[in-house]
Amino acid sequence: MKKSLKEIRKEYIKGSISISTTPANPIELLEIWLQEAIEAQVEEPTAMTLSTVSIDNFPSSRVVLLKEITKEGLVFFTNYHSQKGREIAVNPNVSINFFWPELERQVRVQAMAEKLLSEESDEYFYSRPLASQAGAIVSNQSRVIEESLNLEAQVEALLKQESPLVRPENWGGYLLVPKYCEFWHGKPSRVHDRVAFNKSNYEWQKSRLSP
């Protein structure tokens with residue numbers, strides 16, 4: 001018998017978060033939660049939903065992978081000519097969301113996106129497997145392509161060439177500098193814990209939010 005979506009329920013019972021015990025800097029708390037997600041063997045613990053806004057004010061979301069946390073913010077890599085890259089070029093305000101259902105936790109971040117230096121993008125690009133490097137070279141991300149175009153064959157051809165692969169100028173990293181962070185922990189009866197961090201005058205201010 002088909003179950004109604006309205007009948008689907010889950011009671012959250014795995015913990016809580018207290019404003020008094022959280023670090024003063026949300027990046028520190030994110031690092032702690034991410035490490036706990038990794039140790040809990042959460043599927044794709046570094047996966048984050050990145051939302052950007054088009055020039056005509058339509059939001060778009062997609063899942064990307066976090067590759068580094070620095071004291072300044074969060075780092076991911078992509079094709080700068082992709083839809084998200086083109087939208088960031090017009091409006092660098094982005095939103096990020098992590099969801100770890102196994103831990104009943106969620107993190108929401110509002111940030112400004114900045115391109116990494118070429119040297120930083122080079123360092124990561126050349127640390128990737130050769131097949132991944134080749135994939136980045138042949139992909140004209142987000143663009144319409146002919147059905148007959150064989151990208152796999154292009155990757156194989158690049159891997160067979162004798163000259164080293166070169167990072168495309170339109171492929172690289174972004175640093176997402178947080179302005180607002182919110183940590184959510186599921187609780188029974190939908191009385192969830194929410195702790196928000198707002199950056200004001202270069203300092204983080206914490207507050208507890210109603211569920």
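Observations on the structure shown:
- Within the range 172-195, the set of residues being more than 30 Å from residue 123 (Cβ to Cβ) and buried (at least 18 other Cβ atoms within 10 Å of the Cβ) comprises 182, 183, 184, 185, 186, 187, 192, 193, 194, 195.
- Selection count where residues are of a type in the set (Ser, Thr, Tyr) and surrounded by fewer than 16 Cβ atoms within 10 Å (Cβ to Cβ), scope the range 74-102: 0
- Considering only residues in the range 117-152 that are in a helix (DSSP H, G or I) and farther than 20 Å from residue 68 by Cβ, the one that is modelled with the lowest pLDDT turns out to be 151.
- Complete set of residues in the range 65-76 that are of a type in the set (Phe, Trp, Tyr) and in contact with a helix residue (DSSP H, G or I) (Cβ under 6 Å, 6 or more places away or on another chain): none
- Residues of the range 178-196 satisfying the condition of being in a loop (DSSP other than H, G, I, E, B) and charged (D, E, K, R): 187
- Hey, residue 165 more than 18 Å from the chain's Cα centre (by Cα), crowded, with 16+ Cβ neighbours inside 10 Å, over 29 Å from residue 72 (Cα atoms) and of a type in the set (A, V, I, L, M) or not: yes
- Test: residue in the range 14-24 that is among the polar types (S, T, N, Q), surrounded by 15 or more Cβ atoms within 10 Å (Cβ to Cβ) and more than 27 Å from residue 211 (Cβ to Cβ): no
- Unmet criterion (only one of (1) closer than 30 Å to residue 81 by Cα; (2) among the hydrophobic types (A, V, I, L, M, F, W, C); (3) touching a helix residue (DSSP H, G or I) at 6+ places or on another chain (Cβ under 8 Å)) for residue 183: (1)
- Strands (runs of 3 or more DSSP E) lying entirely in the range 1-98 (those with 1 or more residues that are modelled with pLDDT of 95 or more and charged (D, E, K, R)): 59-65
- The one condition in (1) out of contact with any Asp or Glu (no Cβ under 9 Å at 6 or more places or on another chain); (2) within 22 Å of residue 75 (Cα to Cα); (3) of a type outside the set (Gly, Ala, Ser) that residue 174 fails to fulfil: (1)
- The residue pairs whose first member lies in the range 122-151 and is closer than 13 Å to residue 168 by Cβ and not assigned by TED's automatic domain parsing to the domain that holds residue 65, whose second member is modelled with pLDDT of 90 or more and of a type in the set (A, V, I, L, M), and whose beta carbons are closer than 6 Å, counting only pairs six or more residues apart or on different chains, are 133/165.
- Selection status of residue 68, under 12 Å from the mean Cα position of the chain (by Cα) and either assigned by TED's automatic domain parsing to the domain that holds residue 89 or touching a residue at least 40 places away in the same chain (Cβ under 8 Å) (or both): yes
- Boolean, residue 116 is closer than 30 Å to residue 155 by Cα, in contact with a Phe, Trp or Tyr (Cβ under 8 Å, 6 or more places away or on another chain) and hydrophobic (A, V, I, L, M, F, W, C): yes
The values are calculated or read from the model by the stated rules, or taken from the named source; none is laboratory data. Because the structure is a prediction, the values reported are computed rather than measured. Every residue, glycine as well, gets a Cβ built from its backbone with ideal geometry; the counts of neighbours run over all protein chains shown.
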